[in-house]
C-alpha cells in the first residue's frame, strides 16, 4: 500500500446513570458525566422532555453521552437550573406553585347573632 490508512479511534455511546429525588418544592436529578465539561454538554427542554447530550475525547476515543427524561407535568419549565461539578450534573426542577403541597387552615364557623 502506498497510502497509509488513518486509524480511527473507537467511538462509544453511553447512557449515563441518573438519580432522582423529590421534596415539597422541587425535583432534583444527578447525572454521572465523568470527563465532561460544561462546554461539551447540551441540555434541552421541550414538551416535558429533558434531553441531555455530551461529547468528550478520551485517550481511548470519543465518548458520547445521550439520554432523555420524561418529566412530570408538575415541573415549572421556567424554573429549571443546572450545574456541572466534578463530573456530576445537578438539575434542579422547581414544581409549579399550584402543584406544591400546602397547609390548609381550619377555622370554626362564625356564630350567628
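Computed from the coordinates by the stated procedures, all read-outs in this text should not be read as laboratory data. Computed from a predicted structure; not experimentally measured. Don't worry about glycine lacking a Cβ; one is built from the backbone with ideal geometry, like all the others, and counts go over all protein chains shown.
A crude spin-label estimate for the pair residue 32 and residue 106, with each label 7 Å from Cα along the Cβ direction, gives 4.7 nm. For the pair residue 81 and residue 13, a Förster radius of 22 Å applied to the C-beta separation gives a FRET efficiency near 0.25, rounded to the nearest 0.05.
With just the Cα atoms defining each centre, how far is segment 31-56 from segment 59-111? Give it in Å. Comparing the Cα centres of segment 31-56 and segment 59-111, I get a distance of 16 Å. Rg over Rh for segment 35-86 works out to 1.05, using Cα positions for both radii and the Kirkwood form for Rh.
Our compactness index for segment 11-99, the C-alpha radius of gyration over the empirical 2.2 N^0.38 Å, is 1.14.
If neighbour count is taken as other Cβ atoms inside 10 Å, put 53, 17 in order from fewest to most. Numbers along the way, then the final one.
Numbers: 53 14, 17 10.
In order of increasing Cβ crowding within 10 Å: 17, 53.
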